[in-house]
């Protein structure tokens with residue numbers, strides 16, 4: 001006798017007897033254990049959700065606090081330039097101006113000395129990222145007439161830079177130091193003007 005296997009059923013050629021399929025197995029849950037299973041599932045779910053919520057909330061709060069701190073520091077302090085400017089004309093010292101000036105902003109300075117009105121326009125910009133080098137645009141007038149035409153020069157921070165007029169009879173000595181100061185000490189709140197009483201046109205520079 002030859003037997004042929006048919007998927008899903010069993011039959012033997014030459015006979016009319018077929019084996020019935022066995023019903024699929026079923027998983028039986030003891031109803032007495034159901035409350036315990038539910039309690040375990042509920043406890044695990046609550047614990048997982050609580051941990052996830054805690055982890056999700058920690059990072060934004062920390063980031064927000066850091067941002068608020070940085071913003072507060074930016075609002076409370078300002079980067080400026082501490083300027084010391086000395087004027088000499090015809091071999092004589094005229095005066096000195098010490099003042100904080102804004103970066104990237106034209107600042108007008110005035111000085112009355114030797115019976116003349118001296119006016120200086122100056123703009124300071126960073127020539128490198130750290131501010132070790134500065135680009136300075138400066139012009140000088142005396143009694144409303146241009147003595148030093150507006151020029152742009154490069155100066156090293158905290159070192160004196162001398163700029164002379166075309167004829168060389170007028171010299172400006174610039175010393176610039178970038179710094180951060182509280183907002184209340186911003187430019188125009190601190191200014192010191194001195195009239196020199198010395199024959200050294202650049203005070204030894």
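Quick rundown of the values:
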| read-out | value |
| --- | --- |
| Search result, residues across segment 78-95 that are touching a strand residue (DSSP E or B) at 6+ places or on another chain (Cβ under 9 Å) and farther than 16 Å from residue 177 by Cα | 87, 88, 89, 90, 93, 94, 95 |
| Strands (runs of 3 or more DSSP E) lying entirely in segment 161-202 (those with 1 or more residues that are surrounded by fewer than 12 Cβ atoms within 10 Å (Cβ to Cβ) and modelled with pLDDT of 90 or more) | 170-182 |
| Filter pass, residue 114 being in contact with a strand residue (DSSP E or B) (Cβ under 9 Å, 6 or more places away or on another chain) and at pLDDT 90 or above | no |
| Residues located in segment 128-158, provided they are loosely packed, with under 12 Cβ neighbours inside 10 Å and touching a residue at least 24 places away in the same chain (Cβ under 8 Å) | 143, 144, 154 |
| Filter pass, residue 134 being in a strand (DSSP E or B) and touching a helix residue (DSSP H, G or I) at 6+ places or on another chain (Cβ under 9 Å) | no |
| Residue match in segment 162-175 (condition: without any contact (Cβ under 8 Å) to a residue 24 or more places away in the chain and in contact with a strand residue (DSSP E or B) (Cβ under 8 Å, 6 or more places away or on another chain)) | yes |
| Yes/no for residue 123 being modelled with pLDDT of 95 or more, touching a strand residue (DSSP E or B) at 6+ places or on another chain (Cβ under 7 Å), within 19 Å of residue 100 (Cβ to Cβ) and surrounded by fewer than 18 Cβ atoms within 10 Å (Cβ to Cβ) | no |
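The values are calculated or read from the model by the stated rules, or taken from the named source; none is laboratory data. Just so we're clear, the structure is a prediction, and the values are computed from it rather than from any experiment. Neighbour counts are summed over all protein chains in view; Cβ atoms, including those assigned to glycine, are modelled from backbone coordinates with ideal geometry.
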